[in-house]
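In what follows, a single structure is set out as structure tokens and then discussed.
Quick note: the coordinates plus some simple rules give every number you see, no bench work behind them. Nothing here was measured: the structure is a model prediction, and the numbers come from that model. Note that each Cβ is placed from the backbone with ideal geometry, even for glycine, and that neighbours are counted across all protein chains shown.
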Amino acid sequence: MVAVAAFDGVQLLDVTGPAEVFTTANLFGARYQVRTVSPTGAQVRTSSGVRIGVDGALDSLPARLDTMVVPGRRDWQRAVADPELTALVTGLVQRSRRITSVCAGAFVLAQAGVLDGRRATTHWRLAGRLAAAYPRVRVEADPVFVKDGPVVTSAGVTAGIDLALSLVEDDHGADLAREVARELVVFLARPGGQSQFSARLTPRTAKHAVLRQVMDAVVADPAAPHSMESLARDVGISARHLGRLFRSETGLTPGQYLESVRLESAQVLLETGDDPVETVAGQCGFGSAETMRRIFQHTLGIAPTTYRARFRTTAAACGRAR
């Protein structure tokens with residue numbers, strides 16, 4: 001059984017997206033029972049104003065659950081300050097084999113202590129706040145979803161669909177999950193490590209002019225032999241100061257940012273071109289195909305060749321056909 005928590009102010013798609021994935025999987029042979037519960041067992045009013053009915057409260061559920069889903073609300077402070085909601089989530093955690101959250105639902109799991117010492121993600125706009133409010137959580141701002149043992153957290157809103165598809169794939173295999181994705185007309189499936197947003201657009205959000213200059217230089221030529229020292233020297237500051245700027249404004253080290261830009265550049269080339277993996281690795285500054293393969297595997301969970309096969313664009317396919 002899959003239990004989805006619902007409460008006043010919850011984001012509607014955080015609830016309905018995963019639920020739709022699981023129930024659609026039943027059309028192709030899965031046997032998920034989805035139940036929506038609220039702290040009091042009463043209907044709730046979502047952030048969009050749409051009211052949704054529920055199946056009851058915690059006591060309406062069996063003693064053992066397979067999966068629980070905690071959606072989020074924009075005003076996460078009110079969610080974590082709601083004792084009835086945290087009591088509901090704590091009760092679900094105690095009954096569930098697999099614990100998941102969507103978007104700001106990670107704050108509620110963190111409040112319950114579930115994420116202590118674990119890797120977790122949330123909507124990229126909230127990642128810094130999650131890290132500050134719950135320092136024992138190892139927050140990763142970039143991934144679409146993060147699996148750490150039986151706990152799976154996802155990024156904002158539609159990422160709950162990606163999360164649910166990945167769980168269906170874990171439970172029933174890629175073929176069935178692919179049928180669900182086709183039925184819902186969504187892509188199967190962004191890897192957990194797929195970035196929530198473009199690293200190449202990040203300089204536009206940096207406030208410090210020097211930091212923007214450094215980041216623009218990396219984006220302009222990812223394959224250059226960039227180092228902390230050379231980047232700092234080019235803008236006339238110390239490497240230590242550059243590191244502080246990166247951490248305070250992006251949550252990344254310069255090396256992590258450089259790797260993310262190189263990774264994204266490689267993704268684009270693999271999606272749109274026909275160059276061999278070895279050539280792509282050189283063009284993006286990885287040095288070798290093996291180095292690029294290790295980074296793809298670590299970050300995205302798949303090899304570059306698998307990534308190309310899965311994310312090949314229609315434009316590239318048309319180009320080959322001509």
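Just order 85-97, 13-25 by mean Cβ neighbour count inside 10 Å, highest at the front, would you? Spell out each step's value before the answer.
On the way: 85-97: 18.6, 13-25: 23.0.
Descending mean neighbour count gives 13-25, 85-97.
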Along its three principal axes, how long is region 1-50 when you only count alpha carbons? Whole Å, largest extent first please.
33, 20, 11
In order over region 226-233: 3J(HN,Hα) from phi, Karplus 6.51/-1.76/1.60, θ = phi - 60°, whole Hz, x for each Gly or Pro, gives 5, 9, 3, 5, 5, 5, 5, 4
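Sort Glu179, Glu271 so the one with the fewest other Cβ atoms within 10 Å of its own Cβ comes first.
Details: Glu179 19, Glu271 15.
With the sparsest Cβ surroundings first, the list reads Glu271, Glu179.
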Stretch gain in nm, segment Val210-Gln43, where the contour uses 0.36 nm per residue and the Cα spacing is subtracted
55.0 nm
Sorted by chain and then number, the residues having a modelled amide H within less than 5 Å of the amide H of Ala6, at least 5 places away or on another chain, are Val37, Ser38
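List Asp142, Asp216 from most exposed to least, where exposure is judged by having the fewest other Cβ atoms within 10 Å. Can you show the working numbers first?
Working: Asp142 20, Asp216 13.
The most exposed by this proxy come first: Asp216, Asp142.
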With springs only between Cα atoms under 10 Å apart, run a GNM on the chain and tell me which of Met215, Met292, Met228 wobbles the most.
Met228
Tell me which residues come under 5 Å, amide H to amide H, from Asp66 once H is placed; ignore anything under 5 positions away on its chain.
Arg97
Mind giving me the nanometre distance, one decimal, between the label points for Thr291 and Asn26, set 7 Å out from Cα along Cα→Cβ?
5.1
If one builds a Gaussian network model of the chain from Cα atoms under 10 Å apart, the most fluctuating residue listed among Leu184, Leu58, Leu176 is Leu184
Top of Arg240, Arg74, Arg125 by mean-square fluctuation, Gaussian network on the chain, Cα under 10 Å
Arg240
Long-range HN-HN contacts of Val152 with modeled amide H, under 5 Å
Ile99, Thr100, Ser101
Simple spin-label estimate for Trp124/Val50, 7 Å along Cα→Cβ, in nm, reads 2.6
Alpha carbons only, please: Rg and Dmax for the chain, in angstrom.
21.3, 64
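Quick one, what does Rg over Rh come out to for region 199-315 if you take C-alpha atoms and the Kirkwood Rh?
Ratio of gyration radius to Kirkwood radius for region 199-315: 1.01.
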Would you mind ranking Ile302, Ile99 by Cβ crowding within 10 Å, fewest neighbours first?
Ile302, Ile99
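Go ahead and run the numbers for FRET between Asp175 and Ser230, Cβ-Cβ distance against an R0 of 56 Å, rounding to 0.05. Display every interim value, and only then the final one.
Values: r = 48 Å, r/R0 = 0.86.
E(calc), rounded to 0.05, equals 0.70.
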How many nm is it between the label spots at Arg247 and Thr279, if each spot is 7 Å from the Cα in line with the beta carbon?
4.1
